[in-house]
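Nothing in this text is a laboratory measurement; each read-out follows from the coordinates by a stated rule. Small disclaimer: the values here were computed from a predicted structure and weren't measured. Note: ideal-geometry Cβ built from the backbone for every residue, glycine included; neighbour counts use all protein chains shown.
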Amino acid sequence: MKFIIYNYIDIDSFDYSRSSTDVSHFIKNPSFELGLDGWNNDGFQTQGNNAFTLKSGSTYIEKWVSTGNQVGDAYVYQTLAELPMGVYILKVAAQNIQENSSSIQQNAWLFANNTQLTVTQRADYELVFTNIETQPVVGFMAEAATGNWLAADNFRLYYAGGEESDYTAELQRYIDKAQPYTEEKMQNSVAQALASAISAGQTALDAGDVTAYPAVATPLRTVLDDVKTSIKAY
């Protein structure tokens, strides 16, 4: 499974002093103490040692290959049920490292819907995203990651408010990201699905009905998976 993810939030401009509420209960098994229960996974496995020093509890997840090699592809993600619209902070302990090297590794990310944050050295990462979907997706993924050791643990979620202008701006970003693909060659059925998703999104945006945004946002995000596959096939 491939995800198309884009960094939409200017994290450097986010005011981390604003009040936030811990809503981590929306994430099932956030520290992997129940193994990978609740998570969709490809490539990761649970680990109980203490090598990943930021682990919470007794278990974390990892993908490891011998030093000097590259760990490649992997993902773990979860769909959150009925998360209200809002601005959120997703915090995760994670790494994408090459053991015995201080060089910065590439191609691993935390993600939430259409927002991503690059993961490199071992740290507690904070990803800010605006949720306009009913069932957002959060997780950790790598595509041709250059490190030899991926690890993650302790997913936490905080609600940081949100206004109509935040949601309108986010839906516009969804549309703006989908629009350029209409110029690409792809299967007719996929092109029609893309055009339909963009049209529905624009209609909701023009109407200014925030309550309609979740119904149009998810198709705008998920159709891009099919679009990318179809374009490659051409």
Let me know the whole percent of all Cα-Cα pairs from the stretch 72-129 that are separated by more than 18 Å. 40 percent
Could you compute Rg(Cα) / (2.2 N^0.38 Å) for the chain, with N its residue count? 1.04
Find how many whole Å separate the alpha carbon centroid of the stretch 135-163 from the alpha carbon centroid of the stretch 33-49. 14 Å
Assuming 0.36 nm per residue, please report the length gained on full extension of the stretch residue 144 to residue 211 beyond their Cα-Cα distance. 20.3 nm
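With an 8 Å Cα cut-off and a minimum separation of 6 or more residues, compute the relative contact order for the chain in percent.
23 percent
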Given H placed on each backbone N at 1.01 Å, which residues far from residue 119 in sequence or on other chains put an amide H within less than 5 Å of it? 108, 109, 110
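If you scale each eigenvalue of the Cα gyration tensor by 5 and take the root, what three semi-axes come out for the stretch 13-148, rounded to whole angstrom and sorted largest first?
In descending order, the three semi-axes are 25, 17, 14 Å.
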Residue-wise, which Karplus ³J(HN,Hα) couplings in Hz belong to the stretch 101-111, taking 6.51 cos²θ - 1.76 cosθ + 1.60, θ = phi - 60°, and x for glycine or proline? 9, 9, 5, 6, 8, 10, 6, 9, 8, 7, 8
Taking the chain as the reference, fit the longest principal axis to its C-alpha atoms, fit the long axis of helix 188-207 to the helix C-alpha atoms, and give the angle between the two in degrees, 0 to 90, nearest 10. 80 degrees
Tell me the angle of helix 213-233 to the major Cα principal axis of the chain, expressed in degrees between 0 and 90 and rounded to the nearest ten. 70 degrees
May I ask you to derive the FRET efficiency for residue 233 and residue 106 from their Cβ-Cβ distance with R0 = 30 Å, giving the value to the nearest 0.05? 0.70
When Lys and Arg each count +1 and Asp and Glu each count -1, what net charge do the other residues less than 13 Å away from residue 91, Cβ to Cβ, add up to? -3
For the stretch 148-205, what's the radius of gyration and Dmax over Cα atoms, in angstrom? 17.0, 46
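How much FRET efficiency would the formula 1/(1 + (r/R0)^6) give for residue 189 and residue 25, where r is the Cβ-Cβ distance and R0 is 41 Å, rounded to 0.05? If you can, show how the numbers build up before the last one.
Working: r = 40 Å, r/R0 = 0.96.
Taking R0 as 41 Å, the efficiency between residue 189 and residue 25 is 0.55.
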In cubic angstrom per residue, the convex hull of the stretch 45-106 built on its Cα atoms measures 146 Å³
When the Cα centres of the stretch 84-101 and the stretch 181-201 are compared, how far apart do they sit, in Å? 32 Å
The chain: calculated mean residue ellipticity at 222 nm from DSSP helix runs of at least 4, using -39500 (n - 2.57): -8000 deg cm²/dmol
Determine the shape class of the stretch 81-219: with a ≥ b ≥ c the square roots of the Cα gyration tensor eigenvalues, call it rounded for a/c under 1.5, and otherwise prolate if a/b is greater than b/c, oblate otherwise. oblate
